[in-house]
Amino acid sequence: QVQLVESGGGLVQPGGSLRLSCAASGSINNINAMGWYRQAPGNQREKVATITIKSGITNYAESVKGRFTISRDNASNTVVHLQMNSLKPEDTAVYYCRASTGRIYWGQGTQVTVSS
């Protein structure tokens, strides 16, 4: 079992920045990838960014490329961050951390609201 705890959401004005963090615990040695997904009201959950734990290979949704950066804590490899810059109102959503061991685990979600 893997437990995920997210932090860092909140309210920000358009053009602003936020940094989300996700800490994994439990069977962390089995985690091969982590990522961030988001779900806006009335929409399906969508991938934002992912990172492989061993090699650090990243992948981004087209809508966030150049604005968001996913990274992992080199010291622990079980903490993943999402740096979000140049935020837009359409980035408003609940952001979920996801971990994969072969099984998929989700965090509880953190609200990000971009509004003036």
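The values are calculated or read from the model by the stated rules, or taken from the named source; none is laboratory data. All values reported here derive from a predicted model rather than from experimental measurement. Cβ atoms come from the backbone with ideal geometry, glycine included; neighbour counts cover every protein chain shown. Only protein heavy atoms, including side chains, enter the accessible area calculation; ligands, DNA and RNA are left aside. Shrake-Rupley method; radii C 1.70, N 1.55, O 1.52, S 1.80 Å.
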>> Could you give the length gained by full extension between residue 62 and residue 1, i.e. 0.36 nm per residue of separation minus their alpha carbon distance, to one decimal place?
In response: 18.8 nm
>> Within the chain, what whole-number % of the accessible surface is contributed by carbon and sulfur, with the 1.4 Å probe and all protein chains included in the calculation?
In response: 46 percent
> In percent, what relative contact order does the chain have, based on Cα pairs under 8 Å that are 6 or more apart in sequence?
Replying inline: 36 percent
> What is the distance, in nm, between label points placed 7 Å from the Cα along the Cα-to-Cβ direction at residue 17 and at residue 43?
Replying inline: 2.3 nm
> With r defined as the distance between the Cβ atoms of residue 29 and residue 88 and R0 fixed at 30 Å, what FRET efficiency is calculated, to the nearest 0.05?
Replying inline: 0.20
> Residue by residue through region 28-41, which ³J(HN,Hα) values in whole Hz follow from phi under the Karplus form 6.51 cos²θ - 1.76 cosθ + 1.60 (θ = phi - 60°), with glycine and proline marked x?
Replying inline: 6, 5, 8, 6, 10, 7, 9, x, 10, 10, 9, 9, 8, x
> Once you list every other residue whose beta carbon is under 13 Å from the beta carbon of residue 80, what net charge do they have if Lys and Arg are +1 and Asp and Glu are -1?
Replying inline: +1
> D for the chain, whole µm²/s, Stokes-Einstein with Kirkwood Rh over alpha-carbon pairs at 37 °C and 0.692 mPa s: what number?
Replying inline: 234 µm²/s
> Any idea of the accessible area per residue across the chain, 1.4 Å probe, to the nearest Å²?
Replying inline: 52 Å²
>> Cut-off 18 Å, label point 7 angstrom out along Cα-to-Cβ of residue 71: give me the residues of region 25-42 whose amide nitrogen falls inside.
In response: 34-36
